[in-house]
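Quick notes on the structure that follows.
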Amino acid sequence: MCLRIAKGTYPVSVMRKALTLLFLSCSLFNLNGQPATDIVIGRAYSIDSKILGESRQYMVSLPASYQGDDFYIDKSYPVMIVLDGERLFQLTASMVQTMSSGGTEQIPEMIVIGIPNTDRSRDMLPNYANEAVASGAVEFRRFIEEEFLPAVDITYRTTNCRILVGHSYSGLFAVDTFLESDSFKGFVAIDPSLWWDDQVLIKRAKELLAKKETFTSSIYFGQANNPFNEGIEAGRLGRAVQAFTRTLDTLQIADLRYQTHFYEHEDHYSIPLITLYDGIQFVFEGYKYPLNQIKASTGESIRQHYEALSERMGGQLSPPGKLLNQVGMYLLEEEERIADAIKILELSAESYPNSHIPYLSLAEGYRQAGDTEKAITQYKRVLELSPSNEEVKLRLAELKN
């Protein structure tokens, strides 16, 4: 309830202050009087690891369409594992949600999982001085590959497309995993500590990668500037990152995608935000099909584009169905390019067969093309998936008469 001001004569300044307090008190009452709703970006869980001999916490952020989406029903998603989860999970999860949201769709929606540290140096730093004794980094990678990822695949709808993100020490671990493992198809190494142990990973890169004829992974290196020792080749970190890049240049391995960017105006602590954005875009380059091309493309060319991208990423990356549906309907209704629209809508329906929406759009395309039989078939599919759709029942009755 708002407070009342007693009657009387007051100076103008006093009245203004009183009215301001009155307004604020009423506003705060109205704000606080509304039911509170949590905005949840993820949830925390734990897993008992036999390999590590300890319980490890992890946080999961599911895509917006994972539950309750009328279009992306039962869809499976790529998985992004974020190391240093206590610092990078919320940043990465919110960025992925923004970059993959409807209308933008620069990257596919993903399940983002952050793993916080318990003993960071033990788990992230490789030790190849004595290969007879497994280092902590080797055991931590075994935990991820043999215990954690299988549990994730059982619990959630996932594809084999996996991305690993790390910063500094965990960026070093990401590079080590890039060299030693095939479990991930994309890596974002944020100012990785490649100087570690006299640049041991650079030496191993020459040995391991020289044996490979092809390499179907993508890795992005973000290198920060050092405000106390500026320059792309300055300091042990700068020299190491550039040396690793030169090693990759020299090896010239087919199908290996990599890129290094020196962020002149960022330091070791400010670099994660911009590197995440650029790195994720690099890994999923080509996912956002240019609208100016999609209008001029055929359904078959779009299909081939995403099939090639899926092969590169090691897991199914379906084309952005909502975008295809919008483009198809635009071509149908605004430009009257009915044949082109139908091809794109067919691809949308093929890619997302559990949703009634693509079939509804496709039925409209066939109806405008004068193909009554195919239109009826698509409307029947709509009713199979959405039996209570009265509007479709009326359209179906009209076409049958």
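A few points about this structure:
Let's see how each residue does on (1) in contact with a Pro (Cβ under 9 Å, 6 or more places away or on another chain); (2) surrounded by fewer than 19 Cβ atoms within 10 Å (Cβ to Cβ):
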residue	(1), (2)
267	yes, yes
283	no, no
289	yes, no
293	no, yes
300	no, yes
303	yes, yes
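- Pairing residues of the stretch 206-229 that are more than 15 Å from residue 188 (Cα to Cα) with residues that are assigned to a strand (DSSP E or B) and modelled with pLDDT of 85 or more, at Cβ distances under 8 Å and at least 6 apart in sequence or on separate chains, gives 225/262; 225/263.
- Lone unmet requirement of (1) without any contact (Cβ under 8 Å) to a residue 24 or more places away in the chain; (2) small (Gly, Ala, Ser); (3) in a loop (DSSP other than H, G, I, E, B) for residue 301: (3)
- In the stretch 337-356, the residues that are closer than 17 Å to residue 370 by Cβ and part of a helix (DSSP H, G or I): 338, 339, 340, 341, 342, 343, 345, 346
- For the stretch 278-290, the condition holds for at least one residue, the condition being that it is aliphatic (A, V, I, L, M), within 22 Å of residue 94 (Cα to Cα) and assigned to a helix (DSSP H, G or I).
- Residue that is surrounded by the fewest Cβ atoms within 10 Å (Cβ to Cβ) [pool: residues in the stretch 174-203 that are at pLDDT below 95 and at positive phi]: 198
- The stretch 274-303: number of residues that are under 19 Å from residue 343 (Cα atoms) and either at pLDDT 90 or above or β-branched (Val, Ile, Thr) (or both): 3
- Looking only at the stretch 134-185, residues that are part of a loop (DSSP other than H, G, I, E, B) and hydrophobic (A, V, I, L, M, F, W, C) come to 2 in all.
- Neighbours by Cβ (under 7 Å, 6+ apart or cross-chain): first from the stretch 118-143, more than 16 Å from residue 199 (Cβ to Cβ); second modelled with pLDDT of 95 or more and exposed (fewer than 15 other Cβ atoms within 10 Å of the Cβ): 118/54
- Criterion: outside the structural domain of residue 345 (by TED's automatic domain parsing) and either within 19 Å of residue 195 (Cα to Cα) or not basic (Lys, Arg) (or both) - qualifying residue of 298, 260: 260
- On inspection, residue 107 qualifies as within 19 Å of residue 319 (Cα to Cα) and among the β-branched types (Val, Ile, Thr).
- Residue within the stretch 363-384 that is farther than 30 Å from residue 256 by Cβ, surrounded by 18 or more Cβ atoms within 10 Å (Cβ to Cβ) and within 30 Å of the chain's Cα centre (by Cα) present: no
The values are calculated or read from the model by the stated rules, or taken from the named source; none is laboratory data. Just so we're clear, the structure is a prediction, and the values are computed from it rather than from any experiment. Heads up, the Cβs are rebuilt from the backbone with ideal geometry, glycines too, and the neighbour counts pull from every protein chain shown.
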